[in-house]
Amino acid sequence: MITLSNVTKIYKAKSGTVTAVDNVSLHIREGEIFGIIGYSGAGKSSLIRMLNGLEKATSGQVIVAGRDMANIKGRELRKARQEIGMIFQHFNLLWSRTVRENIAFPLEIAGVPKKERLKRVDELIKLVGLEGRENAYPSQLSGGQKQRVGIARALANNPKVLLCDEATSALDPQTTDSILDLLVDINKRLGLTIVLITHEMHVIRKICDRVAVMESGKIVEEGEVLRVFRKPEQPITKRFVQQVTEPEETKETISHLLEKYPQGRVIQLTFVGDAAEQPLMTNIIRKFNVSVNIVQGKISQTHQGAYGVLFIHIDGTEEEMDKVIDYIRQQQVEAEVMTNVE
Amino acid sequence: MWSNLLPNVQWEKIWAATAETLYMTGISVLATFVLGIILGLLLFLTSKGNIWENKLANTMIAAFVNIFRSIPFIILIILLIPFTKLIVGTILGAEAALPALIIGAAPFYARMVEIALREIDKGVIEAAKSMGATTSTIIFKVLLPESMPALVSGITVTAIALVGYTAMAGVVGAGGLGNLAYLEGFQRNHNDVTFVATVLILIIVFVIQFIGDFVTSKIDKR
């Protein structure tokens, strides 16, 4: 559905040039929810804007739904944009228009006759759950409701792709979840390809099928969300994964434990999918002569399945502890011995 | 009773002068509104980072606006005499005041329009672009409606300035309440006529302000 090949975006500033996107190649499949995560300034904003031609690539090809967005303009570009919906962090609704009129705006642009417009707007209002608020102005809506209007507006012309630019970053956690649920629902119901950029791993965990991690204009890691959660390769990816798996206090707890039990080991176990359902702890205690102490655990639900992290402390002879770790690894569970926590 | 208090006031003359003032103000406000929005849009759209970004065009429009905004109105009237003669055919009467009124007020209003447009959230324009809007759609469905309260309060301020301008134009023969106050009130030393003219001008100003405030609050949904 979307293919980027060797895309580079360079901005000219007074103090020289800035490479916002650096030789990025990417393929996004039809119907998937693809997340791009990175800190601010990583180039993800420029990248997503190249997908609908709001920014032009300096070099490289940006193919979206069969069109090269980097090289079309005028009428053809406007036509292409009608097939790519976009929602924004700050919603960007027209305050002078009601909910209904805001949603009708892209239909007016596409030249849909008034009667059909009204019908389509009613469908969309139902789809995003805004019944009863049709005639409210944006200033009378909550953040979550505004984003629902944004989503309805983006879907008005039945786009093939939906771009989400930090769509939940201005919302509270609860509203974020309800908007994410809505996006998944739309993705399933309409078979829409969704590309989203965010700095919150929570968003990636909750709805994405695949994820790309961006750092200084480059994609440093890319893959299935579960794979990335289980085995993050780059340090930046590890940091993002920790955002959801490790609460702040975990580090403190671990260093505390390491001090308190100088003998024995603290192990981080990472379970994915079915592995989470084995009676691992029971087996360890039965099979090996070690004492086991559960420190902390958390199971997160990703779009593709469960993912759990468990911190345990084991104590016994060195030989026995090595056996335990080997055993754990045989069970398709990642085990990492925590030594020094900075 | 009125004839004792205001011995020199001839009401037919007063009403005729009021009608002239209203006529001059009305036509020039309408023309200023249209012309000022066009100039303001050009200033905004050709500025850096906007749809028609063009440094040369922007500098030229800005220079034109600044020059006509800076010339004192009473001098502008005199400077425009040949121009007025050419398009109106005379330099006397309410009609003849219109070119100077419009050329004096439109650049002033254009700057207010530009400021109003700059206040619009860039994200909203970006959103319209992402939907495939043409430039004319962006102008008529985004820029103008989204800045309408500021455009209306701006034209209110401009209209009040224009009432003042019509009085000045009156001194050089344009008619209206300013003309009456000058000829009847000042030159013949009939202070009661000056007084009545002043009160009427104040009423006109208050009414304009009231209408402006009312419309602004009605259309502002922020």
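Hey, if you drop one equal point scatterer on each alpha-carbon of segment B:7-219 and run the Debye formula without solvent, what base-10 log of I(q)/I(0) do you get at q = 0.10, 0.12, 0.14, 0.15 Å⁻¹?
Each listed q corresponds, in turn, to -0.51, -0.69, -0.87, -0.95.
For a test of the definition: using alpha carbon positions, the gyration tensor, and the 1.5 limit on a/c, classify segment A:246-338 as rounded, prolate or oblate. Mind showing how you got there, number by number?
Numbers: a/c = 2.35, a/b = 1.19, b/c = 1.98.
It is oblate, given that a/c is not under 1.5 and a/b is not larger than b/c.
Please report the net charge: other residues with Cβ closer than 13 Å to the Cβ of A:C208, K and R +1, D and E -1. Can you show the working numbers first?
Values: positive: A:R29, A:R205, A:K206, A:R210, A:R227; negative: A:E32, A:E200, A:D209, A:E222, A:E224.
Net charge in that neighbourhood comes out at 0.
Quick one: of the DSSP bridges fully inside the protein assembly as shown, what percent are antiparallel, nearest 5?
70
Net charge near A:I87: determine it from the other residues with C-beta under 9 Å of the C-beta of A:I87, scoring Lys and Arg +1 and Asp and Glu -1.
0
Across the residues of A:86-93, average count of Cβ atoms on other protein chains within 10 Å?
Across A:86-93, the average partner-chain Cβ count within 10 Å equals 4.
Treating the angle as unsigned and between 0 and 90°, give the value, to the nearest 10°, between the Cα long axis of helix A:173-190 and the longest Cα principal axis of chain A.
70
Taking each pair of different alpha-carbon atoms in segment A:167-315 once, compute 1/r for the pair, average those values, and report the inverse of that mean as the Kirkwood hydrodynamic radius in Å to one decimal.
17.3
Could you state the principal axis extents of the C-alpha atoms in segment B:152-222, from the largest down, to the nearest angstrom?
Largest to smallest, the principal-axis extents are 53, 21, 11 Å.
So which residue, out of A:S15, A:S169, A:S59, gets the largest mean-square fluctuation from a GNM of chain A using Cα contacts under 10 Å as springs?
Of A:S15, A:S169, A:S59, the Gaussian network model singles out A:S15 as fluctuating most.
For A:Y261 and A:D326, what does the FRET efficiency come to when R0 = 35 Å and r is the distance between their Cβ atoms, rounded to the nearest 0.05?
0.95
Of all beta bridges DSSP finds with both residues in segment A:2-236, what is the antiparallel percent, to the nearest 5?
Counting only bridges with both partners in segment A:2-236, antiparallel ones make up about 55 percent.
Sum -39500 (n - 2.57) across every DSSP H segment of at least 4 residues in chain B, then divide by the residue count to get the 222 nm mean residue ellipticity, nearest 500.
On the way: 10 runs with 164 residues, N = 222.
Mean residue ellipticity at 222 nm (helix-derived): -24500 deg cm²/dmol.
Could you give the radius of gyration (one decimal) and Dmax (whole number) of the Cα atoms in the protein assembly as shown, in Å?
Here Rg and the maximum Cα pair distance are 34.3, 121 Å.
Using Stokes-Einstein with the Kirkwood hydrodynamic radius over Cα pairs, what translational diffusion coefficient do you get for segment A:2-236 at 25 °C and a viscosity of 0.890 mPa s, in µm²/s rounded to a whole number? Mind showing how you got there, number by number?
Details: Rh = 18.3 Å.
Rounded, D is 134 µm²/s.
For segment A:97-236, what proportion of DSSP beta bridges, expressed in % and rounded to the nearest 5, is antiparallel?
Restricted to segment A:97-236, the bridges split so that about 55 percent are antiparallel.
Could you pull out the pairs from A:K56/A:K160; A:K12/A:K238; A:K115/B:K129; A:K44/B:K122 whose alpha carbons sit more than 26 Å apart here?
Check vs 26 Å cut-off fails for A:K12/A:K238.
As I understand it, the value is the acute angle between the Cα axis of helix A:114-127 and the longest principal axis of the Cα atoms of chain A; what does it come to in degrees, rounded to 10?
That helix lies at roughly 10 degrees to the long axis.
If you line up the long axis of helix A:143-155 against the longest principal axis of chain A, both from Cα atoms, how many degrees apart are they, to the nearest 10?
Result, in degrees: 60.
From the Cα gyration tensor of segment B:57-161, with a ≥ b ≥ c the square roots of its eigenvalues, which class applies: rounded if a/c is under 1.5, or else prolate if a/b is larger than b/c, or else oblate?
Prolate is the answer for segment B:57-161, as a/c is 1.5 or above and a/b outweighs b/c.
Rule-based calculations on the coordinates, nothing more; no lab input. Computed from a prediction, not measured in an experiment: that's the story for all the values here. Cβ sites come from the backbone with ideal geometry, for glycine too, and all protein chains shown count toward neighbours.
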